[in-house]
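Asker: This is the structure I have questions about; it appears just below.
The values are calculated or read from the model by the stated rules, or taken from the named source; none is laboratory data. The structure presented is a predicted model; accordingly, all values stated were derived computationally and were not measured. All Cβ positions, even for glycine, are placed from backbone atoms using ideal geometry, and neighbour counts span all protein chains on display. With ligands, DNA and RNA removed, areas are computed over all heavy atoms of the protein, side chains included. Shrake-Rupley method; radii C 1.70, N 1.55, O 1.52, S 1.80 Å.
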Amino acid sequence: MSSEELDIEFQDAVNRVNAHTDPFPADTLLKLYAYYKKATNDYSRPSSKKAIINAFKTNALFQVENITEDEAKRVYIDLVNNYFLYRK
């Protein structure tokens, strides 16, 4: 898959998540958050008003610190595809 194809597939996955109106499970949301941040090279600090949420987000970011942006995009795409395929 070319870099351009990966970017298109990643953006499609992001659009699916943004269009989804039901709540995602917390563990899925944290993974999506971390892989999205890594894939988009966004290293801004978590900005929740709740310290515990910022802690969970920060921990999720540490989990993905050693992968590339392209790897993060691939995993994000897989997470989204699997979620929509297997959700109840």
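Asker: Please give the calculated 222 nm ellipticity per residue for the chain, where each DSSP H segment of at least 4 residues contributes -39500 (n - 2.57) and the sum is spread over every residue; nearest 500 deg cm²/dmol?
Answerer: Per the formula, -23000 deg cm²/dmol.
Asker: Just want the answer: with Cβ charges of +1 for Lys and Arg and -1 for Asp and Glu, which residue in L30, S48, T58 is farthest toward the dipole's positive end in the chain?
Answerer: About the Cα centre, the residue reaching furthest to the positive side is S48.
Asker: Before anything else, pin down the relative contact order of the chain: Cα pairs under 8 Å, at least 6 apart, normalised by residue count, whole percent.
Answerer: Worked out over the chain, it gives 43 percent.
Asker: Same structure again: Largest first, what is the accessible-area ranking of T58, T21 with a 1.4 Å probe?
Answerer: Largest accessible area first, the residues go T21, T58.
Asker: I've got another one for you. Just one of [x] 38, 32, 17; [y] 46, 23, 16; [z] 35, 27, 22 is Cα extents along the principal axes in Å as worked out from the coordinates here. Which one is it?
Answerer: [x]
Asker: If you don't mind, another one. Give me the distance in nm between label points sitting 7 Å out from Cα along the Cα-to-Cβ direction at S44 and Q63, one decimal.
Answerer: Result for the modelled spin labels: 2.3 nm.
Asker: Any idea of F84's accessible area? Nearest 10 Å², probe 1.4 Å.
Answerer: 40
Asker: Still on this structure, I have one more. Which percent of the accessible area of the chain is formed by carbon and sulfur heavy atoms (probe 1.4 angstrom)?
Answerer: Ligands and nucleic acids excluded, carbon and sulfur give 52 percent.
Asker: Could you give the distance between the Cα centres of the stretch 53-88 and the stretch 16-32, to the whole Å?
Answerer: 11
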